[in-house]
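Comments concern the structure below.
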Amino acid sequence: MGAILSQALGTNALLVSSHSENKVFSYKADTWSSVDIDNARGLAVGRQYVAVASHTSLYFYDKATGNRVAVLDVPSTDSHEIGFAADDSVIACASYQSALTRHAFGVNEVVWTVPGVTAGTSDARSWVNGIATVNGLPKYVTALGISDVSQGWRDEAKAERGALIDAQTNQVVLHNLFFPHSPTIVAGAVYFANSGHGQLCKWTPGDTAATVVATLSGWTRGIVQVGDYLLVGISQGRMTAFPEITTDPLAQPGIAVIELATGTQVEFVPMDVREIFDINLAAERLN
């Protein structure tokens, strides 16, 4: 682990999910460890629990101990990034449904659908993949493309027509993004990964466009603030699935440490994985 990141973390544990490796990695007290979760994806930290999304399940860990306490089946949503609602239920990006869904034991409901998409569909019309919450409510959502035809997101994504959407006003606030992920609110601004170009971007409400904070070495996905820094996950580019993507298919995966004040990468922590899905902080490592 790099010296800057180690100091910034303090007593916190760093969590890194990797769907390619089917693991969530934890770093604390100068030591890496991991737990096995098939297709590990979004990470969220609530009042009582840390949640991990997989393709069709949510895994809950006790926040104080890091021990697994429950697994909740969430069928047919293809969950991506997740966040906690105010009542400690989980809000998931349900990509097949072009929607946000809310889940707890006995709860499985759609709470929001991409504007212009027929409600109740499950054929991946608009690929919803990233969420930022405010006070336990969905606020900003990323979609790889907005379409109301089956699998229409693919053509939209290749044409660089991804979007950042305000889920509370149903307004598309940014157009023409290239595989956007991981909206993260810092001091009122929204940082997000423009993954297809390997970028970390920033948008302030009221602005008509985003600014590129940094162009990094590979596919960007997974953002979390640690003090004066943003941590950004770096993965290998997806040249086989989407030849239009310009990020390096042989990039070294790892964590870029970006200084918030300058947008400068001050450190890079390599990881022995193919892809990073999400990054978060918790009090304890997952066991």
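Do you know which residues across segment 35-56 are surrounded by 17 or more Cβ atoms within 10 Å (Cβ to Cβ) and not β-branched (Val, Ile, Thr)? Steps first, answer last, please.
Pass one, segment 35-56, residues surrounded by 17 or more Cβ atoms within 10 Å (Cβ to Cβ): 35, 37, 39-46, 49-54.
Matches in segment 35-56: Asn39, Ala40, Arg41, Gly42, Leu43, Ala44, Gly46, Tyr49, Ala51, Ala53, Ser54.
Tally time: how many residues in segment 38-53 are in a loop (DSSP other than H, G, I, E, B) and out of contact with any Gly (no Cβ under 9 Å at 6 or more places or on another chain)?
So the first thing to find is which residues in segment 38-53 are in a loop (DSSP other than H, G, I, E, B), and the list is 38-42, 46-48.
Still in the list and also out of contact with any Gly (no Cβ under 9 Å at 6 or more places or on another chain): 38-41, 47-48.
Summing the residues that are in a loop (DSSP other than H, G, I, E, B) and out of contact with any Gly (no Cβ under 9 Å at 6 or more places or on another chain) in segment 38-53 gives 6.
Yes/no matrix, rows are residues, columns are (1) in contact with a helix residue (DSSP H, G or I) (Cβ under 7 Å, 6 or more places away or on another chain); (2) β-branched (Val, Ile, Thr); (3) on the phi > 0 side of the Ramachandran plot:
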residue: Val128; (1), (2), (3): yes, yes, no
residue: Val134; (1), (2), (3): no, yes, no
residue: Leu137; (1), (2), (3): no, no, no
residue: Ile146; (1), (2), (3): yes, yes, no
residue: Ser150; (1), (2), (3): no, no, no
residue: Ala163; (1), (2), (3): no, no, no
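Going by the structure shown, is Ala51 out of contact with any Cys (no Cβ under 6 Å at 6 or more places or on another chain), of a type in the set (A, V, I, L, M, F, W, C) and within 23 Å of Val232 (Cβ to Cβ)?
On the way: out of contact with any Cys (no Cβ under 6 Å at 6 or more places or on another chain): yes; of a type in the set (A, V, I, L, M, F, W, C): yes; within 23 Å of Val232 (Cβ to Cβ): yes.
So Ala51 passes the test.
Given the options Ile185, Ile258, name the one that is closer than 24 Å to Ala13 by Cα and surrounded by 20 or more Cβ atoms within 10 Å (Cβ to Cβ). Let's see the steps before the verdict.
Numbers: Ile185 fails: surrounded by 20 or more Cβ atoms within 10 Å (Cβ to Cβ).
So the residue among Ile185, Ile258 that is closer than 24 Å to Ala13 by Cα and surrounded by 20 or more Cβ atoms within 10 Å (Cβ to Cβ) is Ile258.
Is it the case that Ser20 is more than 17 Å from Arg102 (Cβ to Cβ) and out of contact with any Phe, Trp or Tyr (no Cβ under 8 Å at 6 or more places or on another chain)? So that I can check it myself, show each step before the final result.
Values: more than 17 Å from Arg102 (Cβ to Cβ): yes; out of contact with any Phe, Trp or Tyr (no Cβ under 8 Å at 6 or more places or on another chain): yes.
Yes.
I'd like the residue in segment 210-236 that is over 18 Å from Thr142 (Cβ atoms) and in a loop (DSSP other than H, G, I, E, B) and, out of all such residues, is modelled with the lowest pLDDT.
Ranking the candidates gives Gln236 first.
Mind checking whether some residue in segment 135-154 is over 27 Å from Phe268 (Cβ atoms), of a type in the set (Gly, Ala, Ser) and assigned to a strand (DSSP E or B)?
Yes, some residue in segment 135-154 is over 27 Å from Phe268 (Cβ atoms), of a type in the set (Gly, Ala, Ser) and assigned to a strand (DSSP E or B).
Look through segment 196-228, keep the residues that are out of contact with any Asp or Glu (no Cβ under 6 Å at 6 or more places or on another chain) and touching a residue at least 60 places away in the same chain (Cβ under 8 Å), and return whichever of them is nearest to Pro249 (Cα to Cα). It would help to see each step written out before you state the result.
Residues of segment 196-228 that are out of contact with any Asp or Glu (no Cβ under 6 Å at 6 or more places or on another chain), as a first pass: 196-217, 219-221, 223-228.
Checking the rest, the ones that are also touching a residue at least 60 places away in the same chain (Cβ under 8 Å) come to 200, 226-228.
Numbers: Leu200: 18, Val226: 28, Gly227: 31, Asp228: 30 Å.
Applying the filter and picking the extreme gives Leu200.
For residues that are among the acidic types (Asp, Glu) and either surrounded by fewer than 16 Cβ atoms within 10 Å (Cβ to Cβ) or touching a residue at least 40 places away in the same chain (Cβ under 8 Å) (or both), tally how many sit in segment 57-77. Break it down stepwise before answering.
Looking only at segment 57-77, we keep the residues that are among the acidic types (Asp, Glu), and these are 62, 73.
Adding the requirement that they be either surrounded by fewer than 16 Cβ atoms within 10 Å (Cβ to Cβ) or touching a residue at least 40 places away in the same chain (Cβ under 8 Å) (or both) leaves 73.
Qualifying residue count, segment 57-77: 1.
For residues that are over 16 Å from the mean Cα position of the chain (by Cα) and among the hydrophobic types (A, V, I, L, M, F, W, C), tally how many sit in segment 10-63.
6
Does any residue of segment 166-177 turn out to be surrounded by 18 or more Cβ atoms within 10 Å (Cβ to Cβ), without any contact (Cβ under 8 Å) to a residue 40 or more places away in the chain and charged (D, E, K, R)?
No, every residue in segment 166-177 fails to be surrounded by 18 or more Cβ atoms within 10 Å (Cβ to Cβ), without any contact (Cβ under 8 Å) to a residue 40 or more places away in the chain and charged (D, E, K, R).
Report yes if Asn135 is modelled with pLDDT of 95 or more and within 25 Å of Leu260 (Cα to Cα), otherwise no.
Working: modelled with pLDDT of 95 or more: no; within 25 Å of Leu260 (Cα to Cα): yes.
Against the criterion (modelled with pLDDT of 95 or more and within 25 Å of Leu260 (Cα to Cα)), Asn135 does not qualify.
For segment 100-107, check the following and say yes or no: at least one residue is touching a Lys or Arg at 6+ places or on another chain (Cβ under 9 Å) and assigned to a loop (DSSP other than H, G, I, E, B). Working first, answer last.
Our first condition is that a residue be touching a Lys or Arg at 6+ places or on another chain (Cβ under 9 Å); within segment 100-107, this holds for none.
Within segment 100-107, not a single residue is touching a Lys or Arg at 6+ places or on another chain (Cβ under 9 Å) and assigned to a loop (DSSP other than H, G, I, E, B).
Within segment 84-142, restricting attention to residues that are aromatic (Phe, Trp, Tyr) and over 21 Å from Arg47 (Cβ atoms), which residue is surrounded by the fewest Cβ atoms within 10 Å (Cβ to Cβ)?
From segment 84-142, those aromatic (Phe, Trp, Tyr) are 84, 96, 105, 112, 127, 140; that's our starting set.
Subset that is over 21 Å from Arg47 (Cβ atoms): 96, 112, 127, 140.
Details: Tyr96: 16, Trp112: 22, Trp127: 26, Tyr140: 23.
Here the residue is Tyr96.
Among the residues of segment 81-96, which ones are at negative phi and not hydrophobic (A, V, I, L, M, F, W, C)? Before you say what the answer is, go through the steps one by one.
In the first step, residues of segment 81-96 are kept if they are at negative phi; the result is 81-87, 89-96.
Residues satisfying the conditions are Glu81, Gly83, Asp87, Ser89, Ser95, Tyr96.
Can you give me the number of residues within segment 73-91 that are modelled with pLDDT of 95 or more and either touching a Leu at 6+ places or on another chain (Cβ under 8 Å) or of a type in the set (A, V, I, L, M, F, W, C) (or both)?
Residues meeting the conditions: 5.
Please find, within segment 1-34, the residue that is surrounded by the most Cβ atoms within 10 Å (Cβ to Cβ) out of those that are in contact with an Asp or Glu (Cβ under 7 Å, 6 or more places away or on another chain) and of a type in the set (S, T, N, Q).
Ser17
The values are calculated or read from the model by the stated rules, or taken from the named source; none is laboratory data. Please read these numbers as outputs of a predicted model, since none were measured by experiment. Because the Cβ atoms are built from the backbone with ideal geometry, glycine has one as well, and the counts that use them run over all protein chains shown.
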